[in-house]
Amino acid sequence: MTTISNNLQRVHALIAGACEQAGRPAGSVHLLAVSKTFGPDAVQAAALAGQRSFGENYIQEAVEKMAVVAEFELPHRLEWHCIGPIQSNKTRLVAEHFDWAHTVDRLRIAQRLSDQRPESLPPLQVCIQVNLDGGANKSGVAPDEALELAREAAGLPRILVRGLMSIPEPAADFESQLQVHQRAKRLFDDIAAQQVKGLERFDTLSMGMTDDLAAAVQAGSTMVRVGSGIFGRRHYPAAR
Ligand SMILES: *Cc1c(COP(=O)(O)O)cnc(C)c1O
């Protein structure tokens, strides 16, 4: 068995354990494998071990990787999630190549993604990125602006708003991690409870990475984004 497939098994076991601890059904948390900086072979190994959903930060790097991966014989179709910052000049690549974008934090980006989404593809699934801890140099809308952005984005024809995404500042201890994740969960529940038209499928809370996965699941994450826990340490600087 490859290291990657071993790691995947271990991460699935961690998620299952965290679900059990939280009294949540097994299988209520989706695993996104974050393959940024790793090559097509790493994606292939994970896919052969059963992984379907992949997260990428650097859009150009991702699109090149997808083209190579598309030539491999794989047991299933892969789903690609953009989890990195999206500048205006990159929206077309995201709209044309990805299935999901987690990092929508302003209406202008949502509009461009909707306008540029090809008719031949289903609507792009998006999450609104929220900045819950005021991390200064981080993207994401302020919590009190998230509902308005979700409402406006929900009116766009070629994107489907699926939920919220959060990247808290790293915290070493479980309790601090849990507190920020619980704030995200409360905001998520608040928005879901508003019954906004176009938010009927607002069901995804994208949070938790290798080091705060258990706290995120405890708080109610439905999608964890795990990179180093699956692929190992990232060694080389990413090409942008
Ligand atoms: C890199 C990255 C991850 C994965 O981080 P690990 O600590 O390697 O699990 C998850 N989410 C985002 C937004 C990232 O940039």
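The values are calculated or read from the model by the stated rules, or taken from the named source; none is laboratory data. Keep in mind it's a predicted model, so treat the numbers as computed, not measured. Heads up, the Cβs are rebuilt from the backbone with ideal geometry, glycines too, and the neighbour counts pull from every protein chain shown. For the accessible areas, the whole protein counts, side chains as well, though only heavy atoms, and no ligand, DNA or RNA atoms are used. Shrake-Rupley method; radii C 1.70, N 1.55, O 1.52, S 1.80 Å.
The residues on offer are GLN179, GLN195, and the sole one that is at positive phi and open to solvent by 60 Å² or more (accessible area, probe 1.4 Å) is GLN195.
For the stretch 203-221, a residue qualifies if it is part of a loop (DSSP other than H, G, I, E, B) and open to solvent by 20 Å² or more (accessible area, probe 1.4 Å), and the qualifying residues are ASP203, MET209, THR210, ASP211, ASP212. Look at the stretch 95-121: where a residue is closer than 18 Å to SER139 by Cα and a partner is of a type in the set (S, T, N, Q) and at pLDDT below 95, sitting 6+ places away or on another chain with Cβ atoms under 7 Å, you get THR103/SER139; ASP105/SER139.
Got at least one residue in the stretch 182-200 being of a type outside the set (Lys, Arg), within 16 Å of the ligand (Cβ to nearest atom) and either in a loop (DSSP other than H, G, I, E, B) or modelled with pLDDT of 95 or more (or both)?
Here is the first cut: in the stretch 182-200, the residues of a type outside the set (Lys, Arg) are 182, 184, 187-196, 198-200.
Filter once more, keeping what is within 16 Å of the ligand (Cβ to nearest atom): 184.
Pick out the ones that are also either in a loop (DSSP other than H, G, I, E, B) or modelled with pLDDT of 95 or more (or both) and you get 184.
Taking every residue of the stretch 182-200 in turn, at least one turns out to be of a type outside the set (Lys, Arg), within 16 Å of the ligand (Cβ to nearest atom) and either in a loop (DSSP other than H, G, I, E, B) or modelled with pLDDT of 95 or more (or both).
Close Cβ contacts (under 7 Å, 6 or more residues apart or on different chains) running from residues in the stretch 222-233 that are more than 17 Å from ALA184 (Cβ to Cβ) and assigned to a helix (DSSP H, G or I) to residues that are open to solvent by less than 10 Å² (accessible area, probe 1.4 Å) and small (Gly, Ala, Ser) comprise ILE230/ALA33; ILE230/ALA46; PHE231/SER35. If the condition is being in contact (Cβ under 8 Å) with a residue 40 or more places away in the chain and touching a helix residue (DSSP H, G or I) at 6+ places or on another chain (Cβ under 8 Å), then the stretch 18-36 contributes ALA18, CYS19, GLN21, ALA22, ARG24, SER28, VAL29, LEU31, ALA33, VAL34, SER35, LYS36.
Of the residues in the stretch 228-239, none is away from the ligand (no atom under 12 Å from the Cβ), within 16 Å of the chain's Cα centre (by Cα) and either open to solvent by 70 Å² or more (accessible area, probe 1.4 Å) or modelled with pLDDT of 95 or more (or both).
If the condition is being among the β-branched types (Val, Ile, Thr) and over 19 Å from ALA67 (Cβ atoms), then the stretch 92-117 contributes THR103, VAL104, ILE109. Would you confirm whether any residue within the stretch 104-118 is open to solvent by 10 Å² or more (accessible area, probe 1.4 Å) and within 16 Å of the ligand (Cβ to nearest atom)? Yes - at least one qualifying residue is present in the stretch 104-118.
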